[in-house]
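A.B. asks: Here it is, the structure in full.
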Amino acid sequence: MTFEPDSLVAHGINLHAVFDLDALPDDIQAALRGCCDDLSRYRQLILFGHGGRQLWQSVAPLIAAGESADPIDTYSQQQVAAWWAARYPGLPYRVLYPGDAPVPLQRLGALAGWHHGSPFRVGINAQWGSWFAYRVLMLVDSAFAPTPKMVGDPPCASCVSRPCVSACPAQAMAGDGFAFEACVQYRLQPDSACRDRCLARQACPVGIEHRYDEAQLQYHYLRSLRSIEQFYSTRQRES
Ligand code: SF4
Ligand code: SF4
C-alpha cells in the first residue's frame with residue numbers, strides 16, 4: 001500500500017509527512033499517549049499542511065458563505081476524510097488535530113523539516129518561507145513508507161541583514177528573544193499597522209512568491225487580533 005495524497009494536493013493540502021509512531025522521539029510519544037487513550041491501535045502518524053495560496057482559493061467561498069465557525073479546519077478535515085475513505089476504505093484512523101488535544105505540532109513540523117525557528121516566532125523553511133500552516137494530524141493503522149525530511153537549510157541561519165527585525169514597529173525582536181507583550185500591545189492600538197498583518201513576516205524575502213494575498217492575511221490576523229482582544233478584556237474584567 002502506497003501513500004498517495006494526490007487529490008489532496010489538488011485541494012491545496014499540499015504538505016504531508018508520514019511518521020512511524022515507534023520511531024518518534026520519546027517526548028512526542030509521551031505527548032501522544034497523553035492525548036490518545038487507544039494509541040496502540042495505530043502504527044503511524046500523518047501530518048498534513050498547506051503551503052502558499054492554493055488552499056485559500058478553495059476556502060474563500062466557504063468563508064464568504066459563513067457556514068462554519070472555523071471554515072479552514074472544517075474544509076481540511078472534510079477533504080482529508082473524503083480522500084482517506086476513497087483511497088483506503090476501512091483502514092482505521094483518528095484525527096488528533098484540529099481538536100483540543102495538546103499535540104506538539106511544531107515539534108512534528110521540525111521533524112518533517114517544515115519548521116525552523118524565525119525571529120518573529122512563526123515557523124519558516126527554505127521552500128515556502130513562513131507561508132505554510134498545519135491543517136490536520138491523524139493517527140493511522142498503516143504501513144506507508146515514512147516521508148523523507150524536507151530538504152533545505154534553516155533560512156535564518158544565513159540571513160545577515162534580518163529585514164524582519166527592523167520592520168517590526170514594536171521592536172519586538174530588538175533584544176534577546178521575542179518580546180511578546182510589546183507585539184501584542186502594539187497590535188491592540190487602534191491605528192496599529194499590525195492589526196491585520198505582521199510587518200516583520202512580510203519583510204522576509206524567503207518564499208515571497210508564496211506570500212498570502214491581502215484577503216488571507218486579513219482573515220488570519222484579524223482572527224488572532226479578536227482572540228487577543230477577548231483575552232485582555234476577560235483579564236481586565238477578572239482583575
Ligand atoms: S528576514 Fe531573515 S532572519 Fe528574518 S525570518 Fe526571514 S530569513 Fe529569517
Ligand atoms: S505583528 Fe507587528 S508588532 Fe508583532 S512581531 Fe509582527 S511586526 Fe512586530
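The values are calculated or read from the model by the stated rules, or taken from the named source; none is laboratory data. Just so we're clear, the structure is a prediction, and the values are computed from it rather than from any experiment. So basically every Cβ, Gly included, is an ideal-geometry build from the backbone, and we count neighbours across all protein chains shown.
A.B. asks: Test residue 33 against the stated conditions and say whether it is basic (Lys, Arg), in the same structural domain as residue 125 (by TED's automatic domain parsing) and farther than 19 Å from residue 134 by Cβ.
C.D. replies: Working: basic (Lys, Arg): yes; in the same structural domain as residue 125 (by TED's automatic domain parsing): yes; farther than 19 Å from residue 134 by Cβ: yes.
For residue 33, the condition - basic (Lys, Arg), in the same structural domain as residue 125 (by TED's automatic domain parsing) and farther than 19 Å from residue 134 by Cβ - is met.
A.B. asks: Limited to region 185-202, what total is found for residues that are in contact (Cβ under 8 Å) with a residue 40 or more places away in the chain and surrounded by fewer than 17 Cβ atoms within 10 Å (Cβ to Cβ)? Can you show your working first?
C.D. replies: Initial filter on region 185-202 (in contact (Cβ under 8 Å) with a residue 40 or more places away in the chain): 187-188, 198, 200-201.
Narrowing further to those that are surrounded by fewer than 17 Cβ atoms within 10 Å (Cβ to Cβ): 188.
Qualifying residue count for the region: 1.
A.B. asks: Determine whether region 161-174 contains at least one residue that is exposed (fewer than 12 other Cβ atoms within 10 Å of the Cβ) and hydroxyl-bearing (Ser, Thr, Tyr). Spell out how you get there, then give the answer.
C.D. replies: Step one: list which residues in region 161-174 are exposed (fewer than 12 other Cβ atoms within 10 Å of the Cβ), which gives 161.
Now drop any that are not hydroxyl-bearing (Ser, Thr, Tyr), which leaves 161.
There is at least one residue in region 161-174 that is exposed (fewer than 12 other Cβ atoms within 10 Å of the Cβ) and hydroxyl-bearing (Ser, Thr, Tyr).
A.B. asks: Also, I was wondering about something else. Is it true that some residue in region 219-236 is farther than 30 Å from residue 62 by Cβ and surrounded by fewer than 16 Cβ atoms within 10 Å (Cβ to Cβ)?
C.D. replies: The initial filter retains those residues of region 219-236 that are farther than 30 Å from residue 62 by Cβ, namely 235-236.
Keeping just the survivors that are surrounded by fewer than 16 Cβ atoms within 10 Å (Cβ to Cβ) gives 235-236.
For region 219-236, residues farther than 30 Å from residue 62 by Cβ and surrounded by fewer than 16 Cβ atoms within 10 Å (Cβ to Cβ): present.
A.B. asks: State the number of residues belonging to region 126-152 that are more than 19 Å from the chain's Cα centre (by Cα) and either of a type in the set (Val, Ile, Thr) or over 11 Å from residue 19 (Cα atoms) (or both).
C.D. replies: 2
A.B. asks: Whether any residue in region 127-146 is away from ligand 1 (no atom under 14 Å from the Cβ), in a loop (DSSP other than H, G, I, E, B) and among the polar types (S, T, N, Q) is what I want to check.
C.D. replies: Going through region 127-146, the residues away from ligand 1 (no atom under 14 Å from the Cβ) turn out to be 133-146.
Pick out the ones that are also in a loop (DSSP other than H, G, I, E, B) and you get 141-146.
Then drop every residue that is not among the polar types (S, T, N, Q), which leaves 142.
Checked region 127-146: at least one residue is away from ligand 1 (no atom under 14 Å from the Cβ), in a loop (DSSP other than H, G, I, E, B) and among the polar types (S, T, N, Q).
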